[in-house]
1. Please verify whether ARG93 is in a helix (DSSP H, G or I) and either under 22 Å from PHE222 (Cβ atoms) or hydrophobic (A, V, I, L, M, F, W, C) (or both), treating the condition exactly as stated.
2. For residues that are open to solvent by less than 20 Å² (accessible area, probe 1.4 Å) and in a helix (DSSP H, G or I), scanning just the stretch 305-330, find the one that is farthest from ARG288 (Cα to Cα).
3. Just give me the residues in the stretch 254-282 being open to solvent by 10 Å² or more (accessible area, probe 1.4 Å) and over 26 Å from the mean Cα position of the chain (by Cα), in sequence order.
4. Would you confirm whether any residue within the stretch 597-619 is open to solvent by 10 Å² or more (accessible area, probe 1.4 Å) and assigned to a loop (DSSP other than H, G, I, E, B)?
5. Is it the case that some residue within the stretch 595-602 is in contact with a helix residue (DSSP H, G or I) (Cβ under 7 Å, 6 or more places away or on another chain), among the β-branched types (Val, Ile, Thr) and within 18 Å of SER307 (Cα to Cα)?
6. One residue is enough: does the stretch 422-430 have a residue meeting the conditions without any contact (Cβ under 8 Å) to a residue 40 or more places away in the chain, surrounded by fewer than 17 Cβ atoms within 10 Å (Cβ to Cβ) and of a type in the set (A, V, I, L, M, F, W, C)?
7. Out of the stretch 431-440, which residues are of a type in the set (Lys, Arg) and either surrounded by fewer than 17 Cβ atoms within 10 Å (Cβ to Cβ) or part of a helix (DSSP H, G or I) (or both)?
8. Out of the stretch 199-220, which residues are in contact (Cβ under 8 Å) with a residue 60 or more places away in the chain and open to solvent by 20 Å² or more (accessible area, probe 1.4 Å)?
Amino acid sequence: MSDLPELTGPQGPAPSPAAGEGGGWHLKDLNDSQLQAVEALDGPVLVLAGAGTGKTRVLTTRLAHVLVQGRANPMEVLAVTFTNKAAREMKERVAALLDRPVEGWWVGTFHALGARILRSHAEACGLKSNFTILDADDQVRLIKQLLESHDIDEKKWPPRVLSGIIQRWKDRGLIPDKVPEDEAGIVAGGAAITLYGEYQERLKRLNAADFGDLLLHCLTVFQDQPEILKKYQNQFRYLLVDEYQDTNVAQYLWLRLLAQAHKNICCVGDDDQSIYSWRGAEVENILRFEKDFPGAKVVRLERNYRSTPHILAAASALIDHNEGRLGKTLWTKLDEGEKVRVVGVWDGEEEARATADEIEALQAKKQPLNGIAVLVRAGFQTREFEERLITLGVPYRVIGGPRFYERQEIRDAIAYLRVVAQPDDDLAFERIVNLPKRGLGPATLQTLHRLGRAEGISLTAAASRLIETDEIKPKARHTLAGLLEDFTGWRGKVETMPLPDLAAMILDQSGTIAMWRSSKALDAPGRLDNLKEMIFALEDFDNLTGFLEHVSLVMENDDPAIDDKVNLMTLHGAKGLEFDTVFLAGWEEGLFPHPRTLDDSGVAGLEEERRLAYVGLTRARCKAVVSFAANRRIHGQWQSSLPSRFIDELPEDHIDFRSAAGLYGGSRQGSRGGLGEGVAVFGGQSGPPKRRQPGETIVEARFEAKFIDGAEGAFQIGDRVFHQKFGYGRIVSVDGGKLEIAFDKAGGKKVMASFVEAV
């Protein structure tokens, strides 16, 4: 969730109270809608705060107004935010409005406030008041112990996956006895609910709780001890909730219970900016507010102080295609400004080049780089922009994550390449010697270091010697020998194999790809995308040494002394921020809306993707540029890409449609459906950009099947595969989803493709 922006109103900073002005000084400069939201103190209130409409000012002024009017003292007000920083800033700004410090506030995050209540009533749920709050790593360690006690293979059911499932149940307010039996499915062999129950019991024995428990236990206490619930219901005369559209079910239930006595609850949010369903947020919470609190007053903040009329009109027309919304129309008194520019380019490289060149031009006109952002749907897209900005010498930062070559999975892959290029690179060798896990533990590494120091040789050389002795266990010796053999084989192909193919082979044969493909972590697909992007980045280099030197220079390019930098981030990471100029890249079908979201959530997923597009557009103050490419590398293959359906939903009166290098003749023709013959012009280009033809490397063929799909239909004649029953073999024919395989030991068999794995 985003932190609160600077507290400024339409006419500048909020004024301090002046003598003789009575009690209304804190309401100065509020517009009519803001004033309604602040002064509606009786009964439930829903404030639909559109992007850039002064939500922060309403939040802080309403809190001050409650105190100024004498409606409650600070102990009787509960204000909930989504970050500790936002809570701290809210306290500071209310104190500034009142010109005095405020003591006794109940202002904080859901977790902080839940913990505060729970510490006073811990015994009601089997804990002591000094209970420990476990972090994510401790939770995983505890679940790992439970899996071991049930003889459940943690490689098949990683502890972190089960931890995530349990936390999602807690986000929905479900204790073990309330989880529907059919939700256990095949997770952990059908034992997920049992493990959840044992996990909760183990936590109690440890006098501990995890973050999900802080609200879940409160709900249990409120249900089992109604007198405790009544105490807090009577105490909190006013409730104020920020970012209500991002609440999960447990948070919703907790708030609803606490508000029942006085019903003076004010929820501030924007249903059009609900973009976090993947972490438990329920947009339905804000949509059904009026049903939960009959007679609720709904105030719409629609005057925008951020963006130009063209940007607002484009964003409003786009989001109006969503059916699941309460509805509002943003407007502004700002100058008309530029139309939203929609640019079609040939490929992703040209998109990055055109964007970076325009950024450089803006820099030459003295526009601060801090006021410029490039927003992408997926993290792997930043790589081409980073490369181009580095080439131009334009400083940048990646917000919400590391720069491309600093990401864990990329560093791991580069470590393999470093050892291939330089066997004596001990730092790189140590990083990957047991990654993926090969059973080479600390004892083996310690023996390697000891020999290396004693003989003055590298770890690789030490390993070569150790596999000929009995210094390490036979299994570790065999594994280490296999790894060294792999490195020898890879080095032998450095001069003869194209770099992308070599990297693909290394990541495949090392098990790195299999590790991430089998991971159930939410970010695993994105990490695979990043590895794919790194592999194709190698196309631009003549040799491995040149690539590694390039990476080293990139890593050294960041100068922390330079504060003025272009901002690169995902659309999710941009929520709550604003910039003078925003470049929205990669608006194509197959990328945005994201196909994985559509597959998982259907229409609901599409509407959330559209809300994400709306968030992106409304980050821009003065200039918004949407770009899409005719050719995009999707899942490792060059293919023609249709412009995103969201482009068709932008109103033509507010759009300046252009195409690079005359690709579309400067008209909007060429966008997807409903725009006539231009579709044929766009869709007729089936080849990739000029650098490489499909099928020219094993990346698009052999490696593609293993790295990307790993599913039926991805296999080819001659592929080496493994079957759980028949062992290893080679494909001799392919018939749809059926394969004929010559197995090494079992002979010829016909099997389903879904029952074999590529090796």
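1. Numbers: in a helix (DSSP H, G or I): yes; either under 22 Å from PHE222 (Cβ atoms) or hydrophobic (A, V, I, L, M, F, W, C) (or both): no.
No; evaluated as a whole, the condition is false for this residue.
2. Only one residue tops the list, namely HIS310.
3. Matches in the stretch 254-282: ARG256, LEU257, GLN260, ALA261, HIS262, LYS263, ASN264.
4. So in the stretch 597-619, the residues open to solvent by 10 Å² or more (accessible area, probe 1.4 Å) come out as 597-604, 606-608, 610-611.
Remaining after also requiring assigned to a loop (DSSP other than H, G, I, E, B): none.
No.
5. no
6. For the stretch 422-430, residues without any contact (Cβ under 8 Å) to a residue 40 or more places away in the chain, surrounded by fewer than 17 Cβ atoms within 10 Å (Cβ to Cβ) and of a type in the set (A, V, I, L, M, F, W, C): present.
7. Within the stretch 431-440, the subset of a type in the set (Lys, Arg) is 431, 437-438.
Matches in the stretch 431-440: ARG431, LYS437.
8. ARG202, LYS204, LEU206, ASN207, PHE211, THR220, listed by residue number.
The values are calculated or read from the model by the stated rules, or taken from the named source; none is laboratory data. Given the structure is predicted, the values throughout are model-derived calculations rather than measurements. Every residue, glycine among them, receives a Cβ derived from its backbone with ideal geometry; neighbour counts consider all protein chains shown. Just the protein is used for accessible areas: all its heavy atoms, side chains included, with ligands, DNA and RNA removed. Shrake-Rupley method; radii C 1.70, N 1.55, O 1.52, S 1.80 Å.
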